[in-house]
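Here is the structure we will look at.
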Amino acid sequence: MPTTTKEMLIEGLNEDLAGELGAIIRYNWQASKSFGPQGAEVRELFASEIPDELGHASFLTDVIVDLGGEPTTTPLDFERRDTLKEMVKLDLEMELQDVESYTERARQAEELGEVELKVRLEDMAADENEHARELRRILRGM
Ligand SMILES: [Fe+2]
Ligand SMILES: [Fe+2]
């Protein structure tokens, strides 16, 4: 029996959107707070995530409108950590959370018969998993 309603899907997508808006701000802030020789490389990684997260945010905004919802403009807040290693650890946690969220959201979309949305959300879960892998690689050398 279907347990997911369209309203629940919209609510979940809005939580995801707040997370994406927060991720854009978080990576932008962290890039600016990356100092030293190691910081130069990490800064590049942080900065390179921003276009992906912006793409996710734009897509979610369109989908929420299309489903008849009102897209949030309020970003999810984040912890301001003061060392590079702690920043990367936080990002890794957040990316893994996003993988879980998009996997669950894809399941909900499928339950509602939103086939294209399901596939796009799975792609986004894959993107976040790739981000997590990049962060894990950096973290191993810190
Ligand atoms: Fe994202
Ligand atoms: Fe990401």
message: Compute the angle between helix 36-66 and the longest alpha-carbon principal axis of the chain, please, reported from 0 to 90 degrees and rounded to the nearest 10.
response: 10
statement: With every protein chain kept in place and a 1.4 Å probe, segment 36-114 has an accessible area per residue in Å² of 56
- prompt: What are the GluC sites (Glu not before Pro) within segment 50-142 that DSSP puts in a loop, where the Cβ has at most 12 other Cβ atoms within 10 Å?
  reply: 79
field: Degrees, to the nearest 10: 6-32 long Cα axis against longest axis of the chain
entry: 10
field: 222 nm mean residue ellipticity, helices alone, for the chain (DSSP H n ≥ 4; -39,500 (n - 2.57); rounded to 500)
entry: -28500 deg cm²/dmol
query: In 10 Å bins starting at 0, how do the alpha-carbon pair distances of segment 58-133 split up by percent?
result: 18, 40, 31, 10, 1
task: Normalise the Debye intensity by I(0) for the chain, one equal point scatterer per Cα, no solvent, then take log10 at q = 0.10, 0.14, 0.21 Å⁻¹ and round to two decimals.
output: -0.35, -0.64, -1.21
- prompt: How high is the relative contact order of segment 7-108, in percent, with contacts defined as C-alpha pairs under 8 Å that are six or more residues apart?
  reply: 40
query: Given a 1.4 Å probe and every protein chain left where it sits, what share in percent of the accessible area of the chain is carbon and sulfur?
result: 51
- prompt: Roughly speaking, what is the centre-to-centre gap between segment 16-63 and segment 64-119 when only Cα atoms are used, to the nearest Å?
  reply: 13
field: Degrees separating the helix 115-140 axis from the principal Cα axis of the chain, which is the longest one
entry: 20
- prompt: Which is farthest toward the positive dipole end of the chain among 102, 51, 30, measuring Cα position about the Cα centre, with Cβ charges +1 (Lys, Arg) and -1 (Asp, Glu)?
  reply: 30
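The values are calculated or read from the model by the stated rules, or taken from the named source; none is laboratory data. In this text, all values refer to a predicted model and were calculated from it rather than measured experimentally. Please note: Cβ atoms are built from the backbone with ideal geometry, for glycine as well, and neighbour counts cover all protein chains shown. The area values use the complete protein model at the heavy-atom level, side chains included, leaving out ligands, DNA and RNA. Shrake-Rupley method; radii C 1.70, N 1.55, O 1.52, S 1.80 Å.
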